[in-house]
Amino acid sequence: MDLDVIRMTLPVRLEYFALLREQRGLDAETVETACRTARELYREVSASHGFTLPEDRVRVAVNNAFAPWDTALAANDTVVFIPPVSGG
């Protein structure tokens, strides 16, 4: 059996804010993903949910701390995608 071919999925909790929450229609959800980094996960959910913001306009936090896009994900992580906000 070729272990490189087998990609186990991880349960990950996603939270959305502002525009991303509006586009998804949810505040949060738990997904099963084979993605291994925050970047891969954003690309996956962006494609499946039709997000209009490119990743360079979004910040990511993993387990309540801002993180680089190449942060490795683990089972049961909480990942938050934070779009730019405006207000006055």
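Coordinate-derived values only; no laboratory data. If you're wondering where the values come from, they're calculated on a predicted model, not measured in any experiment. All Cβ positions, even for glycine, are placed from backbone atoms using ideal geometry, and neighbour counts span all protein chains on display.
Quickly run through the stretch 52-73 and pick out the residues that are assigned to a strand (DSSP E or B), among the hydrophobic types (A, V, I, L, M, F, W, C) and within 15 Å of Val85 (Cα to Cα).
Selection gives Val60 alone.
Out of curiosity, is Ala18 small (Gly, Ala, Ser), under 22 Å from Met8 (Cβ atoms) and surrounded by 12 or more Cβ atoms within 10 Å (Cβ to Cβ)?
Taking the combined requirement at face value, the residue does not satisfy it.
From the residues in the stretch 63-83 that are of a type in the set (Val, Ile, Thr) and surrounded by 15 or more Cβ atoms within 10 Å (Cβ to Cβ), which one is farthest from Glu29 (Cα to Cα)?
Looking at the filtered set, the residue picked out is Thr71.
Could you please tell me which pairs satisfy a Cβ distance under 7 Å, a separation of 6+ or placement on different chains, a first residue in the stretch 8-34 that is in a strand (DSSP E or B), and a second residue that is surrounded by 14 or more Cβ atoms within 10 Å (Cβ to Cβ) and of a type in the set (Lys, Arg)?
From residues that are in a strand (DSSP E or B), the pairs are Tyr16/Arg24; Ala28/Arg13; Thr30/Arg13.
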